[in-house]
Each structure stands twice: as structure tokens, then as C-alpha cells.
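Just so you know, all these numbers are worked out from the coordinates, no wet-lab data involved. Quantities reported herein were computed from a predicted structural model and do not represent experimental measurements. Glycine gets a Cβ as well: all are built from the backbone with ideal geometry, and neighbour counts include every protein chain shown.
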Amino acid sequence: MPFILRRIAFYAVAAWVALTLNFFIPRAMPGNAVQGIMAKFPDLQPSAYKALEAMLGVGHPGSLISQYGNYLDDVVHLNFGTDVANYPASVSSLLAQTIPWTLVLVGTATVIAFALGTLLGILAGWRHGGWADRWLPGLMFLQAIPYFFLALVLLELLAVKLHIFPLAQGYNGQDVVPGWHWDFIGSAIDHSLLPAITIVLTSIAGWMLQMRNVMITTLGEDYVVAAQAKGLSNRRVVYTYAARNALLPQLQGFGLALGFVVSGALVMEIVFSYPGVGLLLLNAVTSTDYPLMQAIFLVITFAVLLANLAVDLVIVLFDPRVRAREAAR
Amino acid sequence: MSDLANYWRRLPNKARIGAIMLGLFILAAIIGPQVTPYDPSYQNPSQALSLATPSGAHLLGTTQSGQDVFSQLLVGIRLTLELAVIVGVIATVVSVLVGVTSAFLGGVWDEVLSLFTNVFLVIPSLPLLILLLGYLPQKGQLATIVVLSGLGWPWGARVIRAQTLMIRNRDFVAASREAGEKSWRIILFDIIPNEVSLIAASFVNTVLYAISASVALAFIGLADLNSWSLGTMLYWAQSQQALQLGAWWWFLPPGIAVALIGTALVLLNTGIDEFGNPRLRDARTATKIAGRRIQPTDPTPVLADLSARPSRLAAFAHSFSRSSLLDETPAGGEIR
């Protein structure tokens, strides 16, 4: 099987495991979740009660297999049920409002942090023992700070004290109406700068340290020494010989660390009251809004799996060995 | 005892600093709760003690309801470290079990266990943790430990599996097998001892994961909010608007404590890495040979090359020594 097909099969299995976990968790947990919800939200209609029972598997909603079939059918049609905290809004509509915010902010910031961190890692690995190594403990400190805590500190310093950045929200809700015009886009960019800086600052150190270590190991390889012995310029040796090879483990690490980075960024959204999936998740947790929590789990998992698949495609693009193996089959 | 001292001397500087920092936090965790000046939950009704700035009586000031932040911090470090270490031990044991079994049995078992490991590696753990803890009626310390260890093992299992695959094909394992040793004896006495540094690194990583995940979960409110951990401290600081009230002494200490513990663990881990891979070592670990700094990555210097360029002081001292007489010897070694 070609490399990419094999990877797609693997992600399909992972997606199925996530779906199945999502199905069984509410059924395996103790207590009656539906009664808890009904007690908390007295204005829910009886139809919502039935829908919740079917979704969480309480009462007599039929055999487990037929429940599972219905559940898969709903997920395929992006039908995640009705939200209980914002009744009668559907969960899908809530997600559709928040996903673009998170996707743009977290996606852009993560890619910037990865690119910048990798570049700095290449330089630090090449100048091993130089200026960059003196900053290593500082970088490790940055890496160890929880995202949301750095967000709190930056918010206090740059927004509350110095008024450089706006305090919270995704855009200035008092003066600007959402839409495709510059007033709104400018306001949205203005409000996303500080969250983006937070993500870049906290995640850049991890990429940089990892790339530096791989780079140092790669620079000791014979082919690098040979390239230098041929009299190639340093730039060529570093970028086309060493860095290109060191990038492969880095990319694989990117795929695996993505879930962690995205989760951290979601918790950070809470600090900025950013109107993304993270804030929605917090609201779901505080109001024990189970349908919403389950849908968010699925959305985040699928986004991470898709990003992983994209990374695999990039690896095929970068690594001639994978392509050669394909051609030899 | 001298063995221990010897080991300590061979550790890279980074690991030493990390171990000392971590030691201080562990000390705080052990004796902290006994020496807290106040009950961390005691709400002092006095108006003057609401949001008091740090002073002699309250080293890190007070919260809005007059609770002593320093006492909360000491108790919080204990609870957070306790949780992280327990999760670290459980998850590491599971990862060793899965990793070694997978590599040692091979075949279908390996395929299934590897697939299982990799699937749980790509599914983002924090949303899953939130879902699991969200459904639990009691969100106490025990629930968090169970859920975190249940999701914390795949990374270690993957690394340990790769290492076991390598060691399994070494000659000494083949020799043990020829000698008729049982599988469990080979695993316990031949394979595991060769993976100690890897298991240690995986343990440190898991502790790091447990700290950051538990703090994030508590910050969202998925923890026992009546107990004091570094995460719940941050939760209360955020939900009672410490930031807007300008009470930096309330939300800075727990966050800095988390970051410092994390830094100590990362330093320790980098140290362990460098212990195994000399290339990664700091340039300052270069050894001095005949007055020249030789980096671990440099090729072994030729002796003639070294002696050709002695430092000035060494040359001066050398001129007094008896062997300096030989320097002027003409070819053939014949003394005039």
C-alpha cells in the first residue's frame, strides 16, 4: 500500500476510535446525566428530553447497536443535537460561529511559531555553543509556562497597564458590525495580535530546542562533512544538506505535538474571552452542557487528525526516499 | 554513598541545576503544609486584609476574601507534585509494560499494540480529558489521577518499544536465550536495565505532562475546587478577577511556581539526554587538552598538532624541565 493510503487508513482508525469513545463515555459514566441537565435547565421542552436520552443512552432508547448506528448517522450529517444551555440553538450552529475564529488564530499562530522556531533552531544548531545556547535556560522557562498563564501576564502588562492592545473579545463589538469590510477585519486583527503573540512565544521554544538537537546530530553526519570538504558554501551546507534532513523528524514531531499545542491555545482563549472554540468549551464545562462538550471533542480531534494528514503529505513532498520507495513498488 | 557522589559529579550542569530546583520544590511540598502560617482556606473577615499587598505578616499578600496566598502556595505545591508523581509512576509502568511487550512478542501483538499506542498519541488528550472529567460526578484528586494516567502512557510506550526492538537483536540477548533463560528473566534482567535512562526520561516527561494538564484542567474548573492546588489557585484568581483588581501577588506566584517546576524538569531531561548523547553537550563542557579546548564533536586531535602549539606559559615552564633538553636533539636522537 502506498505511504499516503496507509496513513489515511491509520487516521481513519484513529477517527473511528475517537467516535466510539465519544459514544461510550456518556454510557459508561455513573449517574444520570439527563436528569442533571433537566434539573439545571427547567425551560427545556419534552422533545429535548427525548433527544438527550437518545444521545446519552439513558432510559430505553433501543439496543446499543441501533443507538450506535443512529449516532454514526447523526455525526456524518453533522447533526450534534440541540444545545441545552442556549436552547433551542443547535450545537452545529454554535460550532459554525466559533470554529472560524479559532482556526484562523490558532492555525496562523502555530504555523508562524513552527516556521520561526525551526529557523532559529537551525541557526542555534549550526552555531552550537554560541549566542543561542546561552539563552537555552530562558527558552526552557518559556516552554514550561502554561499558555494561559503567559496570556494573563501579557494581558496585565500590555493591555491593562500600557494600553497597547485591546483587553478582550474577538473584535470591538461596540463600534464595529461583523462583515467583510475593513473596519471589522482591522478590528479583528487588532484583537487577535496579543493572543497570537502568546501562542508564538510559548510554543516557539519547544520547536527551537527540538530542531537544535536534531540539527546538532545531523551536522555530525558524514555527508555534511563531505559537503564541507567539497568546499560548498556554509549556507548551502546548512540549508540544503543538514536542515533538509533534520526537518523530517521535526515535521513528524509537529504532527504529534499539534494536539498539545491546540489544546493549550484553546485554554488560552478563555483568558482573552476570544469568541472561539476554547471559550465555547469553557462555557460547556461550567454549564455541564454535555452535547456541546462531545461535539467540541470530535471537532478538535478531527481537526488535529486532518492537520496530521497534511503534515504527512508535506513529508512525502520533502523526502525523496519515501517517493523512491513508492516508485519501486 | 561515594558512588552517588561520583554520579553527581558526572552529571551535566543543566541536570544538576534542574535537580536542585526540583529538590527545593519537593522540600516545599514535604514540609510546606506543616509550616503554613495560616489555614489556606481561612477567610479573614477583616476589611484591611482583603487584597492586602505582600507584607511581613502575609508574605505574598491576601486574596479578595482575606486568605493567605503564601499558605495556599505551599499547600498547592504539595497537591500538584503529589498528583504529578503518582501519575508519572502509573503511566511509566504502563508504558514500559506496553512498549516492552509489544517489541518482545512481535508479530500480530506488536501490530495491534503499536496501532493502539499511535492512535492514542494522535488523539488530542486535553479535550478527551475534559470530556471524561466533565461526565464524572466527583472531580476529586483520585479521578484526575486515574484519567491522566490513562492517557499519559502512549509517548513513553512508543519510545520504549523502539529501544527494545534495538536491544532485542543484540548478542547478549541472543546469548541469554541460547542459555535457556525464560522470557520474563530476559526482559527483567537483560532488557530493562539497558533502558533505565530512557525510562527515567519518559518518567520526567510524564510528570511534566501531568502538571501542565492538571493545572489546565483545574483552570477550566474541572477539579475539586475546594482543595488547594496550583491549578485551583489560578482558577480562583481568574474567576475572582485578580487581574482586573491589579492583584499581581495573587495570580503570579502559582503560575511562576508551575513554570519553575516545569523548567526544572526540562533541564533535568536535557541533562539526561546529554548524558546519553555527548554531541548535544554545551560548548562549555569542552575538555582542555594541552591548553586547547576540544569540543566533544571535534575529531580526536593528533598529538603532534597539539604539541606544536603549546601555550606561552606552558612553553616557558617547559623550558625549565629536563625534557626540554631533548627538544634540540637533531634527527637520530644523538646527543652532541
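Data for the structure
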{"quantity": "Normalised alpha carbon radius of gyration of region A:88-157 [divisor 2.2 N^0.38 Å]", "calculated": "1.62"}
{"quantity": "Largest-first principal axis extents, alpha carbons of region B:106-203, Å", "calculated": "55, 26, 22"}
{"quantity": "Label-point gap, in nm, between B:Leu225 and A:Leu119 - each point 7 angstrom along Cα→Cβ", "calculated": "4.4"}
{"quantity": "Amide H contacts of A:Ser90 (H built 1.01 Å from N, under 5 Å, at least 5 apart or other chain)", "calculated": "A:Asp83"}
{"quantity": "Distance in nm between pseudo-label sites at B:Ile256 and B:Leu59 (7 Å out along the Cβ direction from Cα)", "calculated": "1.2"}
{"quantity": "Sorted by Cβ density within 10 Å, fewest first, the residues B:Trp8, B:Trp248", "calculated": "B:Trp8, B:Trp248"}
{"quantity": "A:His181-A:Tyr239 FRET efficiency (beta carbon distance; Förster radius 45 Å; 0.05 resolution)", "calculated": "0.60"}
{"quantity": "Exposure proxy ranking, count of Cβ atoms within 10 Å, fewest first, for A:Ile164, A:Ile185, B:Ile160, A:Ile25", "calculated": "A:Ile164, A:Ile185, A:Ile25, B:Ile160"}
{"quantity": "Summed residue charge, Cβ within 15 Å of B:Glu178's Cβ, Lys/Arg positive, Asp/Glu negative", "calculated": "+2"}
{"quantity": "Percentage of interatomic Cα-Cα distances in region B:55-94 larger than 17 Å", "calculated": "47"}
{"quantity": "Estimated vicinal HN-Hα couplings, Hz - region A:265-276 in sequence order (Karplus 6.51, -1.76, 1.60; Gly, Pro = x)", "calculated": "5, 5, 5, 5, 4, 4, 4, 8, 6, 6, x, x"}
{"quantity": "For region B:92-105, 3J(HN,Hα) per residue [Karplus equation, 6.51 cos²θ - 1.76 cosθ + 1.60, θ = phi - 60°, Hz, x = Gly/Pro]", "calculated": "5, 4, 4, 5, 5, 4, 5, x, 5, 4, 4, 6, 7, 6"}
{"quantity": "Distance between region A:257-329 and region A:90-160 - C-alpha centres, whole angstrom", "calculated": "15"}
{"quantity": "In region A:202-244, the trypsin sites (Lys or Arg not before Pro) that fall in loop regions by DSSP, at most 12 other Cβ within 10 Å", "calculated": "A:Lys230"}
{"quantity": "Radius ratio Rg over Rh of region B:169-216, counting only Cα atoms, Kirkwood formula for Rh", "calculated": "1.28"}
{"quantity": "Calculated FRET value between A:Tyr68 and A:Ala226, using beta carbons and R₀ = 56 Å, to 0.05", "calculated": "0.45"}
{"quantity": "Cα pair distances of region A:265-329 binned at 5 Å [whole percent]", "calculated": "4, 16, 16, 16, 12, 8, 8, 7, 7, 6, 2, 0"}
{"quantity": "Rg/Rh (Cα only; Kirkwood hydrodynamic radius) as it applies to region A:172-294", "calculated": "1.19"}
{"quantity": "Segment B:Glu82-B:Val146, length gained on full extension (0.36 nm per residue, minus Cα span)", "calculated": "21.7 nm"}
{"quantity": "Shape of region B:1-120, Cα gyration tensor, a/c cut at 1.5", "calculated": "oblate"}
{"quantity": "Phi-based couplings in Hz for region B:22-27 (Karplus 6.51, -1.76, 1.60; Gly and Pro marked x)", "calculated": "5, x, 4, 5, 5, 4"}
{"quantity": "In nm, spacing of pseudo-spin labels at B:Ile30 and B:Tyr42 (7 Å Cα→C-beta vector)", "calculated": "2.7"}
